1. Ala149: assigned to a loop (DSSP other than H, G, I, E, B) and either open to solvent by less than 40 Å² (accessible area, probe 1.4 Å) or in contact (Cβ under 8 Å) with a residue 24 or more places away in the chain (or both), yes or no?
2. Scan the range 31-47 residue by residue and report those that are among the β-branched types (Val, Ile, Thr) and surrounded by fewer than 21 Cβ atoms within 10 Å (Cβ to Cβ).
3. What single numbered condition from (1) of a type outside the set (A, V, I, L, M, F, W, C); (2) under 20 Å from Phe175 (Cβ atoms); (3) open to solvent by 40 Å² or more (accessible area, probe 1.4 Å); (4) outside any loop (DSSP other than H, G, I, E, B) fails to hold for Glu121?
4. Answer with yes or no whether Tyr130 is within 27 Å of Pro80 (Cα to Cα), assigned to a helix (DSSP H, G or I) and among the aromatic types (Phe, Trp, Tyr).
5. Sort out which residues of the range 56-94 are among the β-branched types (Val, Ile, Thr) and within 22 Å of Leu172 (Cβ to Cβ), and write them in order of number.
6. Report, by residue number, each residue of the range 85-100 that is open to solvent by 70 Å² or more (accessible area, probe 1.4 Å) and farther than 19 Å from Tyr164 by Cβ.
Amino acid sequence: MKSTLAMVALAGLTVSSVALAENAPKADVAKGQQIVTQVCAACHGADGNSMISANPVLAGQHAEYITKQLKNFKSWDGKPAERNNPVMAGMAAPLSKEDMVNLGAYFSQQKPKGGSAKNRELALEGQKIYRAGIAGKKVPACAACHGPAGAGIPVQYPRLAGQYADYTLTQLKSFAAGQRANDPQSMMRDIAGRMSEQEMKAVAEYISGLH
């Protein structure tokens, strides 16, 4: 279990390369852009650079990660959605698997504008956790999977760099409370559950300034 936890990082969700490989249709970026213009832009921006801190920045995110999250927001074959979010459930409901692949491809090709940490002291605290983890709590370093600059590792680990602190904190708290449960083998729930809210805030603040 320890070795498994060591391969995941904070504020993200691992993606199974096996699951993503299941007959994935070829992406059509132009069709993805069309859906973004009609549906996604209001909350995430036309280029995936959201202007609202409660909504995640999607620009530059790995295509497979976006596609997986969209699939998880939707109910398939009568089964409940793996990720519970009333707003995104409504957005994802009319999307086909092809639409989700197209959206992932489009957002992955957009350039993130990047953010900056607002609280230097808090960011420095988060930097320690991001780079070295919390040994006493068996919390692994985020950098182990998401990289020192938060670029992530396609296909498995999402990009974190420049993500809004508010959004990252919300996700960590949701994992800790078990409200977000689409993480394989409960890995993020286990890790976030070992962290205090202060530690989550610190990591989220540091991540917001990564480039």
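The values are calculated or read from the model by the stated rules, or taken from the named source; none is laboratory data. Just so we're clear, the structure is a prediction, and the values are computed from it rather than from any experiment. Methodologically, a virtual Cβ is constructed for each residue, glycine included, from the backbone with ideal geometry; neighbour enumeration extends over all protein chains shown. Remember, those area values only see protein heavy atoms, side chains included, never the ligands or the DNA or RNA. Shrake-Rupley method; radii C 1.70, N 1.55, O 1.52, S 1.80 Å.
1. Values: assigned to a loop (DSSP other than H, G, I, E, B): yes; either open to solvent by less than 40 Å² (accessible area, probe 1.4 Å) or in contact (Cβ under 8 Å) with a residue 24 or more places away in the chain (or both): yes.
Against the criterion (assigned to a loop (DSSP other than H, G, I, E, B) and either open to solvent by less than 40 Å² (accessible area, probe 1.4 Å) or in contact (Cβ under 8 Å) with a residue 24 or more places away in the chain (or both)), Ala149 qualifies.
2. If we filter the range 31-47 for residues that are among the β-branched types (Val, Ile, Thr), which is where we start, we get 35-37, 39.
Result: Ile35, Thr37, Val39.
3. Every listed condition holds for Glu121 apart from (2).
4. Values: within 27 Å of Pro80 (Cα to Cα): no; assigned to a helix (DSSP H, G or I): yes; among the aromatic types (Phe, Trp, Tyr): yes.
No; evaluated as a whole, the condition is false for this residue.
5. Going residue by residue through the range 56-94, those that are among the β-branched types (Val, Ile, Thr) are 57, 66-67, 87.
Correct list: Val57, Ile66, Val87.
6. Of the range 85-100, the ones open to solvent by 70 Å² or more (accessible area, probe 1.4 Å) are 86-87, 91, 94, 97-98.
Matches in the range 85-100: Pro86, Pro94, Lys97, Glu98.
Condition check ((1) surrounded by 20 or more Cβ atoms within 10 Å (Cβ to Cβ); (2) in contact with a His (Cβ under 6 Å, 6 or more places away or on another chain); (3) modelled with pLDDT under 95) across all residues:
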| position | (1), (2), (3) |
| --- | --- |
| Cys145 | yes, no, yes |
| Tyr157 | yes, yes, yes |
| Gln163 | yes, no, no |
| Asp166 | no, no, no |
| Thr170 | no, no, no |
| Arg194 | no, no, no |
| Met200 | yes, no, no |
| Gly209 | yes, no, no |
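Results for (1) open to solvent by 70 Å² or more (accessible area, probe 1.4 Å); (2) aliphatic (A, V, I, L, M); (3) outside any loop (DSSP other than H, G, I, E, B); (4) modelled with pLDDT of 95 or more, shown as yes or no for each residue.
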residue	(1), (2), (3), (4)
Ala27	no, yes, no, yes
Gln69	no, no, yes, yes
Arg83	no, no, no, yes
Asn102	no, no, yes, yes
Gln110	no, no, no, yes
